[in-house]
Amino acid sequence: MARLLFGAVLTALMAFSVGGTAAAAVDSGSGMSANARTDVYIKDIASDTGFEPHGAIYSSFFNSPNIKICPTAVECLSSTNPVVGSTSYIFVKLNNHGPYGSGISSGTLKAYYTTSGGAANWPLHWTQIGAKPLVVAASGVTTTSIAWNNVPSIGHFCLLLRWESPTDPMLFEGPATSINTQYNNNIAWKNANTVPAATPGSVSVRPYALANALDVPAKFDLAFRPLGEAVPGAKIVADLGPEMFQRWRAAGAPGEGIRVVGNTSIQIVDPYKAQIRDLLINPNERPVLSLSFSVDQVLQKPYVLQVVQVGPAKEIGEKYDVGGVDYTFDPKER
C-alpha cells in the first residue's frame, strides 16, 4: 500500500502514468517530438517490461537481473563478488524498445559504486567507475561491459547503472536512489552478495551502509526476509557500532525476532519476521553497520536472505523499502 500511495504522489510530479503518457511529458518538458522518443530500459526485476514504476511491492528492485559482475572480459554465467585490487567487468543488458518510445538509441552507459547496504543518496554517495558511449539497436537486447579497474578496498559494493541519452531522458530524479530506480527505466541497481557457506562455523563479515534521503532526521528499520526457505543453521549478527546502538537504545530498543548478544550487537533469532526498528539517521549521514553470517552445517543448495532498509516517505507518512541487499548463502567455496 505504501508503494502505491507513494506512486500516486510521484505521478503528479512526473506528469506521466503507467499507462504510457511519458512521451507527452517529454514533449512539454524538452520540446522533443514524440516520434523522436527512444526508450532503452534496464530491468529492475525479471518481469520488468519497462513500465514505470514496475509495480512490484516488496520485490528486489535493488538486484537487477540485467547486471552482473564478472572476473574476466568474457561474460560469466552468474554474478561474482569483485576482488579488491583486481579488474572486474560489469556486464549490462540494454533492452530496446520500451513502452515509451522506439528506434535506434545513442547515449552513454555510466557505472557507479557505493558501499554495500540499504539506502544511498544520489549523487552524494555514489562514485563513478566508468562510462561507455553506445548505439543501441532498435530492437532486442544489446549486451555490453564496462571495465572496473583496481577495485577499491571497501570490499563489498552496490552498483548503479544509468543509461543517459538526449532522446531518452530521465522522467524524475531526486536524492533517493530507490525512487529514482523504480521511476526511471534507464536506471538499475545491483545489490547482491555471495556468502560462502561450504565450511560450517566459518564467519563471513559484510559492511551494510544506511542512509537518509530526507531533509530531516528520520527513523528507519532493518528487516530480514528469506527469499523462500530460511537458511538452515544460519547465525546472523548485526553489529550496530557504539553510536547507532546508543540511538537504538534511546528509542527503547524496539524490534522483533532479535536479541542483544553483545555491547553493540544484535542476533537475528527469527529470520521470517526479524526487524531492528527505529534506527535514527540524520540527513546525508552514512552509518555503516557490520553483518556477520555463518552456518552450522553444510548446505545442499543456495539460499537467499534479503536485508532491507525500510523508511518513511515524507509526503505520505508511510514506510517503504528504500534499498537492500540479497545475500546468497552458497554451498560452494568462493
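The values are calculated or read from the model by the stated rules, or taken from the named source; none is laboratory data. Please read all numbers here as calculations on a predicted model, not as lab measurements. We place every Cβ from the backbone using ideal geometry, glycine too, and count neighbours over all the protein chains shown. For the accessible areas, the whole protein counts, side chains as well, though only heavy atoms, and no ligand, DNA or RNA atoms are used. Shrake-Rupley method; radii C 1.70, N 1.55, O 1.52, S 1.80 Å.
Annotations
- Cα-centre dipole for the chain with unit charges at Cβ (Lys and Arg positive, Asp and Glu negative), debye to 20: 440 debye
- Estimated dipole of the range 101-207 in Debye, rounded to 20 [Cβ of Lys and Arg +1, of Asp and Glu -1, Cα centre]: 220 debye
- Accessible area per residue for the range 209-299 is 44 Å², calculated with a 1.4 Å probe on protein heavy atoms, without ligands, DNA or RNA.
- Largest first, the residues Thr144, Thr127 sort by 1.4 Å accessible area into Thr127, Thr144.
- Which of Asn180, Ala111, Pro207, positive extreme of dipole for the range 90-207 (C-beta unit charges): Pro207
- Note on Ala198 and Val216: their simple-model spin labels are 5.2 nm apart, each label 7 Å out from Cα toward Cβ.
- Cα gyration tensor shape for the range 176-333, rounded if a/c is under 1.5, else prolate or oblate: oblate
- Ordered by 1.4 Å accessible area with all protein chains kept, Tyr89, Tyr327 run largest first as Tyr89, Tyr327.
- Straight-distance candidates among the lysines for linking to Lys319, with alpha-carbon spacing under 27 Å and chain neighbours fewer than 8 residues away dropped: Lys43, Lys190, Lys219, Lys273.
- Partnerless Cys - the chain, beta-carbon criterion under 4.7 Å: Cys158
- Accessible carbon and sulfur surface of the chain relative to its total accessible area, %, 1.4 Å: 55 percent
- Maximal additional length on extending the Lys132-Thr80 stretch stands at 16.6 nm, based on 0.36 nm per residue less the C-alpha distance.
- Peptides 172-181, 198-207, 229-238 ranked from most to least packed, by the mean per-residue count of other Cβ atoms within 10 Å: 172-181, 229-238, 198-207.
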